[in-house]
Amino acid sequence: QVQLVESGGGLVQAGGSLRLSCAASRRISSIYRMGWYRQCPGKQRELVATITSGGSTNYADSVKGRFTISRDNAKNTVSLQMNSLKPEDTAVYYCVVTDAPISWGQGTQVTVSS
């Protein structure tokens, strides 16, 4: 399994931006798909965005046009640039390796105030 550590969460006003980073414990160049999920208060964990080793991306409809996922295989990191944040984006954000065995980070809190 890969150990994943997220960073970059925090408190931001609506309309603001945050950049989340996820550092992996080993090389990610051989990992096909990585991504970000989030869990909003009182809701189930949901997909935010994924990216493949070839650079193909997939986004939840709720974040399309506002969030951008990227990966840096040389630095073994995956990032999530979040712009035009809304209060409904408030959640714990988790980095994930979706290749088996699935690996999750511990999460980072993002709070968007209105």
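The values are calculated or read from the model by the stated rules, or taken from the named source; none is laboratory data. All figures in this text were calculated on a predicted structure; none of them were measured in a lab. Note that we place each Cβ from the backbone using ideal geometry, even for glycine, and neighbour counts take in every protein chain shown. The protein model used for the area step is the full one, side chains on, heavy atoms only, and it has no ligands, DNA or RNA in it. Shrake-Rupley method; radii C 1.70, N 1.55, O 1.52, S 1.80 Å.
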Please go through the range 71-91 and pick out each residue that is in a strand (DSSP E or B), of a type in the set (Ser, Thr, Tyr) and either free of Cβ contacts under 8 Å to residues at least 60 places away in the same chain or open to solvent by 50 Å² or more (accessible area, probe 1.4 Å) (or both). THR77
Report, by residue number, each residue of the range 8-32 that is of a type outside the set (D, E, K, R) and within 23 Å of THR52 (Cβ to Cβ). GLY8, LEU20, SER21, CYS22, ALA23, ALA24, SER25, ILE28, SER29, SER30, ILE31, TYR32
Counting only residues that are closer than 12 Å to GLN3 by Cα and among the aliphatic types (A, V, I, L, M), the range 86-114 contains a total of 3
In the range 99-114, residues that are closer than 20 Å to GLN81 by Cβ, open to solvent by 30 Å² or more (accessible area, probe 1.4 Å) and of a type in the set (Ser, Thr, Tyr) total 2
Of all residues making up the range 46-70, the number that are open to solvent by less than 40 Å² (accessible area, probe 1.4 Å) and not in a strand (DSSP E or B): 3
